[in-house]
Amino acid sequence: MDIAGTLIQGALPTFAANNTGGAGNDTRKNLADGIFETILPLFGTQFNPLFKILMVVWNKAGISLGFDPTIILTIAGVVWAANKLLRQLYGTLYGLTQQYFTASINISNSDEMYNHMMKWLAGQPKLVNSRSLTAETFSRTMWEGEDGGDLVTGSIGADGTGIMLNFSNQEAKAPPRFIPAFGLHGFWFEGRYYRIHRKQESLYDDGNSSGMPQFKDKEKLAISCFGRSPEPIKKLLQLAKEQYYADHHAKTIVKRPSPQNLRRYGGRHSWQQVANRPVRPMNTVVLDEKQKVAVLSDMNEYLHPATPRWYAARGIPLRRGYLFHGPPGTGKTSLSFALAGVFGLDIHVISLLDPSLTEEDLSALFSSLPRRCVVLLEDIDTAGLSRPDDSKPEDGKQSGKKGAKDGSKDKDDWSVSDLARELRKQGDSTEKKGISLSGLLNAIDGVASHEGRVLIMTTNKPESLDDALIRPGRVDMQVAFNNATRQQALELFVRMYEAESKMSTTLSQEISLSTASTIPSTPTEKDSSDLSDGSITEVEVEDLDQNADDTAASKLVSAKDEAERPVTTKELASIAFKFSEIIPEGQIISPAEIQGFLLKRKKNPRRALLEVNGWVTALLEQKASKTKILQVQ
Ligand SMILES: Nc1ncnc2c1ncn2[C@@H]1O[C@H](COP(=O)(O)OP(=O)(O)OP(=O)(O)O)[C@@H](O)[C@H]1O
């Protein structure tokens with residue numbers, strides 16, 4: 001008897017009995033009959049005709065094939081059994097390997113590390129070419145792809161005239177980001193095989209503060225590798241983190257309080273990144289040099305790694321506070337950003353005017369700050385003031401209107417909208433109306449407050465601040481900002497027009513009023529020849545007639561192409577000096593206003609000089625008449 005016969009004999013005795021007749025068509029027929037007779041009773045009699053047809057087909061197939069079709073069945077059975085066995089074996093071996101011979105690290109998507117890893121995976125060609133991917137719309141920040149890169153890739157086009165830029169294409173051309181889909185993926189990296197398992201699970205969220213219990217999806221990433229040590233995975237995570245922050249040395253991360261529903265989770269959920277912008281170079285902030293140096297060295301000393309021990313040994317809380325005060329647009333925020341850039345710190349911005357901010361939130365925000373950071377507390381003078389209650393005027397208006405309209409409206413006449421308004425009013429009355437002074441003080445240096453941060457508070461009204469808020473310990477250094485002096489106007493002018501290659505140097509500071517005044521108003525023939533030594537801007541140079549009087553110079557600069565002719569450094573110094581002389585002494589005009597004026601003429605210093613007189617006159621008139629409408633911009 002053949003092997004198939006032996007195998008089937010055990011399982012189907014009737015069939016075996018019929019399978020003893022040797023080879024040939026009869027045998028195959030008997031065999032098939034045997035099988036069907038065995039399985040027929042298992043099904044109802046209604047299937048008899050069907051089985052009979054099958055039997056005939058089976059016999060015919062056997063005859064035409066020239067071998068017993070039962071062998072196919074037998075082989076299929078053997079393969080199936082072997083597959084089952086192997087799977088079980090594989091499962092057991094896999095389980096054992098996982099348990100004893102692989103190391104793994106899990107990351108939750110609520111952790112920053114998840115983003116680092118996803119960004120890294122999205123850049124891995126092997127994974128990006130995997131067959132199972134998730135595509136994500138990926139918007140770049142303003143600072144990615146600058147320097148005209150978008151013009152090259154074609155994501156920015158030109159309008160019909162070819163003159164104006166057109167951005168309608170930018171979203172269409174932005175490529176999506178591909179990350180591994182949910183499930184198991186494997187990849188080789190630096191000679192080692194890693195597996196990642198991206199999974200999703202639903203968690204029940206009781207909705208504590210929102211009052212809306214719901215299921216929330218959470219993602220997890222399990223990274224594993226062969227071996228008993230998780231060291232390779234740790235290294236991989238470190239690498240992903242380093243790559244994520246690779247360009248951050250040139251960027252300042254700006255964070256603001258997260259939306260209320262996220263803040264309640266506390267910890268790292270309290271803050272969210274809102275910008276990642278290029279570091280503001282310190283020399284772009286035009287301020288008295290002594291003041292700048294004083295703040296920089298004070299902060300540098302405070303941030304020194306040895307300082308915490310020094311403070312602890314003397315029982316002094318490790319906090320440093322700065323008060324930047326002065327009129328609007330004088331550089332308080334700019335200096336804060338520049339300082340954060342110098343020390344490579346993230347900047348956490350809080351506005352006390354944020355209507356969703358409660359005192360509890362403020363304390364929680366301060367206690368969840370990272371180890372070292374800059375906290376910028378804007379509009380500090382608003383602490384203790386109630387926020388405008390916008391429901392009141394509306395209600396007043398409404399009730400006034402209503403009263404006038406229908407006079408004696410009693411409660412029975414209330415419409416649904418009246419009821420909704422009343423409910424909202426009641427809701428509002430339970431809301432916080434502002435951050436009290438004590439709430440602010442408690443957040444800044446209460447027992448639970450964070451240590452190690454640099455706190456910068458800004459105000460336009462230093463006189464209105466409470467003494468308690470600015471006492472030493474809370475404010476350790478005050479920096480006064482003022483409207484622009486002539487020297488500042490000159491520096492702002494030079495910085496606006498100096499060649500980009502010079503930006504990193506302190507050219508604008510090198511040119512002070514004293515040096516500028518010694519520079520002839522226009523370059524001489526000798527000056528022009530000096531230009532070829534490379535110490536001066538690279539542009540083509542032409543002489544200006546140094547004997548020309550102001551009127552002639554005005555005529556000269558009013559000619560369009562002449563006005564757009566690039567300026568040399570010396571010429572720039574001369575124009576800047578003339579410009580600064582027109583800015584009134586007495587610090588009436590803010591640096592922001594000067595910057596605004598120059599920005600509108602940003603390629604044309606001569607035009608700026610030509611128009612500054614009219615602008616200053618109009619601005620002074622506007623300030624005197626306290627109107628907001630600008631006559632000259
Ligand atoms: N001293 C300065 N040096 C360089 N730029 C300045 C200076 N002051 C103001 N600016 C420019 O003016 C704009 C506004 O400046 P900034 O926001 O720093 O002023 P601020 O004092 O913080 O104003 P506010 O009190 O209204 O918040 C910025 O674009 C900045 O570049």
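Structure notes:
- Where a residue in the range 61-90 is more than 18 Å from THR38 (Cβ to Cβ) and its partner, wherever it lies, is surrounded by 10 or more Cβ atoms within 10 Å (Cβ to Cβ), with Cβ under 6 Å and at least six apart: ALA61/PRO69; ILE63/ASN25
- Pair list, Cβ < 9 Å and 6+ apart or interchain, from the range 327-339 residues that are in the same structural domain as ALA294 (by TED's automatic domain parsing) to residues that are aromatic (Phe, Trp, Tyr) and within 7 Å of the ligand (Cβ to nearest atom): PRO327/PHE481; THR330/PHE481; GLY331/PHE481; LYS332/PHE481; LEU335/PHE481
- Considering only residues in the range 367-387 that are assigned to a loop (DSSP other than H, G, I, E, B) and among the hydrophobic types (A, V, I, L, M, F, W, C), the one that is modelled with the highest pLDDT turns out to be CYS373.
- Selection of the range 295-329 for residues being touching a strand residue (DSSP E or B) at 6+ places or on another chain (Cβ under 7 Å), within 16 Å of the ligand (Cβ to nearest atom) and of a type outside the set (Gly, Ala, Ser) yields VAL295, TYR322, LEU323, PHE324, HIS325.
- Hey, ALA364 over 25 Å from ASN276 (Cα atoms) and in a helix (DSSP H, G or I) or not: no
- All of (1) over 21 Å from ASP354 (Cα atoms); (2) more than 16 Å from the ligand (Cβ to nearest atom) hold for ALA443 with one exception: (1).
- Where helices (runs of 4 or more DSSP H) fall entirely within the range 474-522, those with at least 1 residues that are within 13 Å of the ligand (Cβ to nearest atom) and either at pLDDT below 90 or at negative phi (or both) are at 486-497, 507-510.
- If you check ALA340, ALA313 for being over 28 Å from the mean Cα position of the chain (by Cα) and more than 19 Å from LYS461 (Cβ to Cβ), only one passes: ALA313.
- Helices (runs of 4 or more DSSP H) wholly inside the range 569-633 containing at least 2 residues that are surrounded by fewer than 19 Cβ atoms within 10 Å (Cβ to Cβ) and in contact (Cβ under 8 Å) with a residue 60 or more places away in the chain: 591-599
- Taking the listed residues ILE316, ILE350, the one that is within 30 Å of SER464 (Cα to Cα), among the aliphatic types (A, V, I, L, M) and without any contact (Cβ under 8 Å) to a residue 24 or more places away in the chain is ILE316, with no other qualifying.
- Screening the range 285-294 for residues that are assigned to a helix (DSSP H, G or I) and surrounded by fewer than 16 Cβ atoms within 10 Å (Cβ to Cβ) and picking the one that is nearest to the ligand (Cβ to nearest atom) gives GLN291.
- If only residues of the range 330-350 that are more than 9 Å from the ligand (Cβ to nearest atom) and β-branched (Val, Ile, Thr) are counted, the one that is surrounded by the fewest Cβ atoms within 10 Å (Cβ to Cβ) is VAL342.
The values are calculated or read from the model by the stated rules, or taken from the named source; none is laboratory data. Here the structure is a predicted model, which is why all the values come from computation and not from measurement. Glycine also receives a Cβ, built like all others from the backbone with ideal geometry; neighbour counts cover every protein chain displayed.
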